[in-house]
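As structure tokens, the structure follows; a few thoughts come after it.
None of the figures in this text is laboratory data; all of them are computed from the coordinates on show. Remember, it's a predicted structure, so these values are computed and weren't measured experimentally. Cβ placement follows ideal geometry from the backbone for every residue including glycine, while neighbour counts extend to all protein chains displayed.
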Amino acid sequence: MWVRRHKVILIVIAVIMTACEPKPQPVELGSDQCSYCRMMITDREFASQVLNNQGRSFKFDSVECMAAYDLSADETTEFHSLWVPDFKDPETWLPSEEAIYLKSKTLRSPMGLNLTAYSTRESAEEMKQEYGGEIVSYAEVKELVKREWLNGSGNNHGSHNHH
Amino acid sequence: MKNLSILHYALKLSLLLIFIPASPQTLFSQIIVSETGSITFIQEAVDLAAPGDTIEVESGTYKEWNIEIRKPLTLIGIDRPLVDGEGEGTIFSIHADDVTLKGFDIRRTGRSYVRDYAAILIVESTRFLIEDNRLDDVFFGIYLAETTGGVVRSNRIEAYDLREASSGNGIHLWNSKEATIEGNFITGMRDGIYVEFGEGMKINGNTSEANNRYGLHYMFSDGGIYQRNTFRKNGAGVAVMYSENVDMSHNLFEHNWGTSSYGLLLKDIRNSTIEYNRFYRNTIAIYSESSSNVMIRRNDLELNGWAVNIKSSSARNHFEENNFIENSFDVRTDSPRNNNHFERNYWSAYEGYDLDRDGIGDVPYRPVTLFSMVTERSPESLILMRSMFVRILNTAERIAPVLTPKTLVDEKPKMTRIQ
């Protein structure tokens, strides 16, 4: 009875509650800056983002920059969620842990680690068939970024300049 | 009989005289491509040519793409022939040493999300010369991959009416060494000049303007020089990132306006010099993050929003003998900590005096105003910029610094502009 009478109120509350859930924000190409490397973001198929619990979005020009940001955040920082674009359909956001990644020399990413993300393993395999490379998980992406970028003297990126 | 043998020798000698000097020319032949001649395709001439030959392409339109050059050749455009790729792919693809490409108009490469189609692609080559070409409506312009040495000179590269995502870079250098890039003009591309994993580049006297992202984008590249270039009205100015031993001097950085636009963005730069440059009317003339041991000397910073925005992650950088003239803010930083050094600069906002007349102001100058610290935290407060309240705030802080970095001070401000 109460439910029926207050249906409208319940719907309003439900809408408000879902609205509170942080969602990936649209990336403004040519104006948003990467929160890690400071580069202007220009490629939708690489642009990634981290949401914090307040719903604020930190945008990145590449998967590798987001992973580096993820790795260098201090232990007390809790993120709400991390998102990467589906390379085949860059309007779609994939949770970073669920996405499947391809590291391929042919698909050059803005920061040189050449990572692209896919919604399914089949889709990643298909791209691998065509462009070569190796398929990795998000955990492996982080390992790679740690090895290539963060080890050595501080933020020394100069160490990986030969492929 | 004797006379005859003398005649015979004379004849032999004259033959030798004729043929010896002539022989080098017979070694390398010349092939002519024209719309009406026997060879009408450039690729055909390339296939026919022997290593070292010269191909002259006469004026006309050649609808060709993926012209593959795998031997040393000189290709000369006579009266600017037009090579039209019809949007299909890469147009000239060079995979050999000692190739010269000069005097061509090149138009309409392919465009792709996954393939870097270029007007001129040069792979794993050395001693190339790409000169006096005009590239129009191209995805990537001149693309160097894993090359050593080589010269790219006096080319004109442009594209227009394009969304950023579908434009490539004007001159793109990837994993290349010691290339000379000089006197080129680039506009309407994504990055005018892009250098990634480079070594010892010489980038001199180019003009890069109105590109969608950076006029020059320099990443993971050590030991380069760029001098006497003009970077004007680019979407985000110039970015030099994750590199060391870079010599940046006598360049002009001007009219780079926008929320994420800089005259020069420095990120993770070490042991480098920035000298005798002019920064005129940029949102932020020099932005520095995580950079160290950079000497910033004898530059003119005039009429910028912020002349310098230096993050506290930057340390041991020296600002000496620069002219800070009529900038809305001279220096901005994000923390009361400061590990950078300012000395003997000229600040047009300096209100001190010089009683001993040695040309150095007797009271130190604090270039960071309290208000600039406030704007760092909440950009919206900029609206109060010219208000009385802000003036009082800044004066109070100048007299008794509390929030602004105490050590960020020029102890020896110059009284007059440094010439």
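B:His341 label point, 7 Å along Cα→Cβ, cut-off 16 Å on backbone N: hits in the range B:398-419?
B:407-413
Can you compute the modelled spin-label distance between B:Ile383 and A:Thr76, with each label point 7 Å from Cα toward Cβ, in nm?
Once both label points are built, they end up 3.4 nm from each other.
Note down the net charge around A:Pro22, summing +1 for each Lys or Arg and -1 for each Asp or Glu among other residues with Cβ under 13 Å from its Cβ.
Local net charge: 0.
Any idea how far the Cα center of the range A:106-141 sits from the one of the range B:50-76, in Å?
Centre-to-centre distance over Cα atoms comes out at 37 Å.
How large, in Å, is the protein assembly as shown by the Kirkwood hydrodynamic radius built from its alpha-carbon pairs?
Result for the protein assembly as shown, one decimal place: 26.8 Å.
Setting aside same-chain residues fewer than 8 positions from A:Lys142, which lysines have a Cα under 26 Å from its Cα?
Partners found: A:Lys23, A:Lys59, A:Lys88, A:Lys103, A:Lys105, A:Lys128, B:Lys267.
HN-Hα J couplings of the range B:375-380 from phi, Karplus 6.51/-1.76/1.60, θ = phi - 60°, integer Hz, Gly and Pro as x?
Rounded to whole hertz, the list is 5, 4, 7, 9, x, 4.
If a/c stays under 1.5 just call it rounded; otherwise compare a/b with b/c (prolate if a/b is bigger, oblate if not). Do that for the range A:24-163, with a ≥ b ≥ c from the square roots of the Cα gyration tensor eigenvalues.
Values: a/c = 1.44, a/b = 1.10, b/c = 1.31.
Rounded is the answer for the range A:24-163, as its axis ratio a/c remains below 1.5.
I'd like the orientation of helix B:388-399 relative to chain B: the angle between its Cα long axis and the longest Cα principal axis, in ° from 0 to 90, rounded to 10.
90
Starting from one equal scatterer on each C-alpha and no solvent at all, send me the Debye-based log10 I(q)/I(0) for chain B at q = 0.10 Å⁻¹, two decimals.
-0.74
Residue by residue through the range B:205-214, what is 3J(HN,Hα) from phi via Karplus (6.51 cos²θ - 1.76 cosθ + 1.60, θ = phi - 60°)? Round to whole Hz and write x for glycine and proline.
With the stated coefficients, the range B:205-214 comes to x, 8, 10, 10, 9, 6, 8, 5, 10, 10 Hz.
With unit charges on the beta carbon (Lys/Arg positive, Asp/Glu negative), name the residue among B:Ile186, B:Ile69, B:Phe140 whose Cα is farthest towards the positive pole of the charge dipole of the protein assembly as shown.
Of the options given, the answer is B:Ile186.
Please list the non-local residues whose amide H lies under 5 Å from the amide H of B:Gly237, H modeled 1.01 Å from N, same-chain partners needing a gap of 5 or more.
Residues meeting the criterion, in which the H sits 1.01 Å from N, are B:Gly215, B:Tyr262.
Please compute the contact order of chain B in relative form: average sequence separation of alpha-carbon pairs under 8 Å and at least six residues apart, divided by the residue count, as a percent.
6
Residue by residue through B:211-220, how many Cβ atoms from other chains fall within 10 Å of the Cβ on average? Write down the numbers at each step before the final one.
Numbers: counts 0, 4, 6, 3, 0, 0, 3, 0, 7, 7.
Whole-number average of other-chain Cβ neighbours for B:211-220 is 3.
In Å³ and rounded to a whole number, note down the convex hull volume per residue for the Cα atoms of the range B:93-168. The partial results should precede the final answer.
Values: hull volume 6.2 nm³, N = 76.
Given the Cα convex hull of the range B:93-168, per-residue volume reads 82 Å³.
Taking Cα atoms, how many degrees apart are the long axis of helix B:2-27 and the longest axis of chain B, rounded to 10 and kept between 0 and 90?
Around 40 degrees separate the two axes.
To make sure I understand, if each residue's beta carbon is the centre and we count other beta carbons within 10 Å, what order do A:Ser119, B:Ser381 fall in, fewest to most? Present the calculation step by step, with values, prior to reporting the outcome.
Details: A:Ser119 16, B:Ser381 13.
Least crowded to most crowded, the residues run B:Ser381, A:Ser119.
What does the average come to when, for each residue of peptide B:338-345, you count the partner chain Cβ atoms lying within 10 Å of its Cβ?
On the way: counts 0, 0, 0, 0, 0, 0, 0, 0.
Shielding by partners across B:338-345 averages 0.
What FRET efficiency comes out for the pair A:Thr120/B:Glu351, r = Cβ-Cβ distance, R0 = 51 Å, nearest 0.05?
Details: r = 66 Å, r/R0 = 1.29.
Step by step, r from the Cβ atoms, then E = 0.20.
Could you tell me the center-to-center distance, by alpha carbons, between the range B:317-387 and the range B:228-272 in angstrom?
The range B:317-387 and the range B:228-272 have Cα centres separated by 21 Å.
Among B:74-85, B:51-62, A:33-44, B:396-407, how do they line up from the highest to the lowest mean number of other beta-carbon atoms within 10 Å?
Numbers: B:74-85: 19.4, B:51-62: 17.2, A:33-44: 22.2, B:396-407: 13.6.
The most tightly packed comes first, giving A:33-44, B:74-85, B:51-62, B:396-407.
Using a 10 Å cut-off around each Cβ, can you sort B:Val246, B:Val151 from fewest to most neighbouring Cβ atoms? It would help to have the intermediate numbers written out before the result.
Details: B:Val246 22, B:Val151 16.
Neighbour counts put them in this order, fewest first: B:Val151, B:Val246.
Which residues' amide hydrogens lie under 5 Å from the amide hydrogen of A:Leu94, considering only partners 5 or more residues apart or on another chain, with H built in the peptide plane?
Result for A:Leu94 returns A:Val84, A:Asp86.
Any idea what the dipole of the range B:27-325 comes to, in debye rounded to 20, about its Cα centre with Lys/Arg Cβ at +1 and Asp/Glu Cβ at -1?
Using Cβ point charges on Lys, Arg, Asp and Glu, the range B:27-325 gives about 980 debye.
For peptide A:40-50, compute the average count of partner chain beta-carbon atoms within 10 Å of each residue's beta-carbon.
4
Tell me which residues come under 5 Å, amide H to amide H, from B:Gly258 once H is placed; ignore anything under 5 positions away on its chain.
Under 5 Å from the amide H of B:Gly258 lie the amide H atoms of B:Thr283, each far enough along the sequence or on another chain.
So if the hydrodynamic radius of the range B:296-419 is defined as the Kirkwood radius over C-alpha pairs, what does Stokes-Einstein give as its diffusion coefficient at 10 °C and 1.306 mPa s, in µm² per second?
On the way: Rh = 14.7 Å.
Estimated diffusion coefficient is 108 µm²/s.
So what J values fall out for the range A:106-122 if you push phi through Karplus, 6.51 cos²θ - 1.76 cosθ + 1.60 with θ = phi - 60°, rounded to Hz, Gly and Pro as x?
Here the 3J(HN,Hα) series is 6, 9, 7, 9, x, 10, x, 8, 6, 9, 10, 10, 9, 7, 10, 5, 4 Hz.
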